[in-house]
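What follows is a short report on a single structure.
The values are calculated or read from the model by the stated rules, or taken from the named source; none is laboratory data. Because the structure is predicted, anything quoted here is derived from the model rather than measured. Don't worry about glycine lacking a Cβ; one is built from the backbone with ideal geometry, like all the others, and counts go over all protein chains shown. For the accessible areas, the whole protein counts, side chains as well, though only heavy atoms, and no ligand, DNA or RNA atoms are used. Shrake-Rupley method; radii C 1.70, N 1.55, O 1.52, S 1.80 Å.
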Amino acid sequence: MQDLTTTSTAATSTPLTHLTEFQQYLNTAITPYHCVSSAAALLEASGFEELSMTAPFNIRQGGKYYLTPYGTMLFAFTVGTADLTAQSFHIAAAHTDYPCLHIKPAAELAAGGYLRLNTEVYGGPILNTWLDRPLSMAGRVALRSEKTYEPQLCFYDAGRPLLTIPNLAVHMNRKVNEGVELKKQCDLLPLLGLKGEGETNEEYFLEFLAKELQCAKEDILDFDLYVYNAEEGVRVGMNQEFFSAPRLDNQTSCYALLRAIADGGRVDGINVIALYDNEEIGSRTKQGADSMLLMLLLEKIYAALGMDKSALSDAILRSFLFSVDVAHALHPNHPEKYDPVNRALMNDGIIFKISINQRYTYDGEAVAVAQQLCEKAGVKFKKFVNHADMPGGGTLGPIISSWLPMKTVDIGVPILAMHSARELMGVEDEEHLIGMMTEFFS
């Protein structure tokens with residue numbers, strides 16, 4: 001793997017302490033399941049103990065803990081050693097999912113001698129960026145067990161380029177360069193292989209999966225499998241100032257929060273990170289940010305520390321939340337899509353995402369706090385507002401703060417090609433985000 005922290009052509013103004021580790025993490029965080037697994041490993045290496053949401057918490061001041069209530073989301077928290085009655089929460093939230101393709105239950109589509117997979121689109125990807133790339137698949141498979149309510153669950157990663165979605169040649173699609181709409185049920189079906197001579201089996205995918213898992217085909221009850229871009233990240237640019245990779249949205253944030261809570265050591269409060277699933281489809285799931293799971297966690301923490309609900313309510317009202325997701329960097333070919341002055345370049349610091357219409361959370365006092373945190377950490381920042389005629393997307397911030405009333409700010413690193421199969425960021429910006437979040441948790 002390329003060493004991302006060094007270059008012979010130019011030096012960056014910010015030491016790239018974490019970039020190689022970030023790429024290693026990114027290469028493993030190929031699905032929400034694998035993101036959570038990699039996150040848990042990072043936390044355990046930093047001394048965090050695992051808890052269960054369905055059992056009483058045995059926690060202590062000075063302790064570090066994590067939970068995975070569902071396979072695609074994770075909580076982690078640390079408990080300060082100062083007077084409990086003065087405790088408050090410092091919370092940061094990100095999401096583990098990204099726009100991609102998901103394999104349907106009846107996955108086999110055999111025709112014309114080809115073996116293809118039947119897929120559906122998850123979230124809002126830039127569809128044509130998934131064509132002509134080396135793709136793979138990963139996720140979780142549920143196997144038959146002796147306990148009806150406890151099927152055997154196993155993670156799966158093909159771990160190699162396995163699939164591709166070929167473009168139609170320009171000779172047969174003369175208007176392709178004028179813009180052609182892709183039909184999801186026709187144009188986004190990955191090619192898995194060729195049908196063998198005399199082969200009639202209609203369950204080739206299920207048989208392939210059983211062979212991969214070394215189990216009987218009949219034992220596969222269900223699978224939750226995603227198609228992912230099998231390419232790794234690389235530095236690009238004249239001075240290698242950019243980092244091109246899949247899944248920057250939102251693994252940049254997940255990694256930064258994991259690194260920051262592991263390295264931060266705040267004694268006068270409780271630090272919490274929440275890595276949610278399903279942000280790309282609205283967050284309205286049990287493992288999404290629009291659930292009551294975070295409130296349940298805070299209640300269990302306070303109960304385990306011998307504090308009542310009144311103390312919890314007081315703590316929430318004096319607490320602070322960062323919603324951490326990527327932001328839009330200024331596109332060099334389309335500056336007209338951005339506000340004339342409230343815009344951001346890559347390698348120019350983290351972004352405060354501001355929307356008076358609350359598509360991003362906005363509170364002037366909270367933004368001032370975030371600005372002073374950046375100054376204290378020596379981190380560069382910019383304030384971003386969308387072009388007035390382009391409202392932009394939503395984030396976790398307004399969702400969480402609507403039922404967990406505390407000061408909230410939306411932040412993130414600026415990227416280009418958001419929701420592409422491969423996105424682009426500045427090599428310095430991850431360091432800025434980690435620096436600010438570590439200060440927040442310290």
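Within region 379-391, restricting attention to residues that are open to solvent by 40 Å² or more (accessible area, probe 1.4 Å), in a loop (DSSP other than H, G, I, E, B) and touching a helix residue (DSSP H, G or I) at 6+ places or on another chain (Cβ under 7 Å), the residue that is nearest to Ile350 (Cα to Cα) is Lys380. Of the residues making up region 281-304, just one is touching a Ser or Thr at 6+ places or on another chain (Cβ under 9 Å), buried (at least 20 other Cβ atoms within 10 Å of the Cβ) and free of Cβ contacts under 8 Å to residues at least 40 places away in the same chain, namely Ser291.
When region 237-264 is filtered for residues that are of a type in the set (S, T, N, Q), over 25 Å from Leu163 (Cβ atoms) and within 18 Å of the chain's Cα centre (by Cα), the ones remaining, listed by number, are Thr252, Ser253. Among the residues of this structure, Phe57 does not count as one that is farther than 30 Å from Leu209 by Cβ and surrounded by 20 or more Cβ atoms within 10 Å (Cβ to Cβ).
The listed residues are Val227, Val267, Val234, and the only one of them that is aliphatic (A, V, I, L, M) and farther than 30 Å from Thr164 by Cβ turns out to be Val267. Counting only residues that are of a type in the set (Phe, Trp, Tyr) and either modelled with pLDDT under 90 or assigned to a helix (DSSP H, G or I) (or both), which one in region 346-378 is nearest to Gly412 (Cα to Cα)? The extreme case among them is Tyr360. Return yes or no: is Gly63 open to solvent by less than 20 Å² (accessible area, probe 1.4 Å), in contact with an Asp or Glu (Cβ under 8 Å, 6 or more places away or on another chain), at pLDDT below 95 and of a type outside the set (Asp, Glu)? For Gly63, the condition - open to solvent by less than 20 Å² (accessible area, probe 1.4 Å), in contact with an Asp or Glu (Cβ under 8 Å, 6 or more places away or on another chain), at pLDDT below 95 and of a type outside the set (Asp, Glu) - is not met.
Identify, from the list Val324, Val341, the residue that is open to solvent by 20 Å² or more (accessible area, probe 1.4 Å) and β-branched (Val, Ile, Thr). Just one listed residue meets the conditions, Val341. Could you say whether any residue in region 89-105 is at pLDDT 95 or above, within 30 Å of Phe205 (Cα to Cα) and of a type in the set (Lys, Arg)? The answer is yes, given that some residue of region 89-105 is at pLDDT 95 or above, within 30 Å of Phe205 (Cα to Cα) and of a type in the set (Lys, Arg).
Going through (1) farther than 17 Å from Ala93 by Cα; (2) touching a strand residue (DSSP E or B) at 6+ places or on another chain (Cβ under 6 Å); (3) of a type outside the set (A, V, I, L, M, F, W, C) one by one, Ser319 falls short only on (1).
When Ser420, Ser401 are checked against the criterion of being out of contact with any Leu (no Cβ under 7 Å at 6 or more places or on another chain), of a type in the set (Ser, Thr, Tyr) and open to solvent by less than 50 Å² (accessible area, probe 1.4 Å), Ser420 stands alone in meeting it. Residues that are in contact with a Phe, Trp or Tyr (Cβ under 7 Å, 6 or more places away or on another chain) and either in a loop (DSSP other than H, G, I, E, B) or small (Gly, Ala, Ser) (or both) within region 304-345 comprise Ala304, Ala311, Ala315, Ser319, Ala327, Leu330, Asn342, Arg343, Ala344, listed in sequence order. In the condition set (1) touching a Lys or Arg at 6+ places or on another chain (Cβ under 9 Å); (2) open to solvent by less than 10 Å² (accessible area, probe 1.4 Å), Gly394 is compliant with all but (2).
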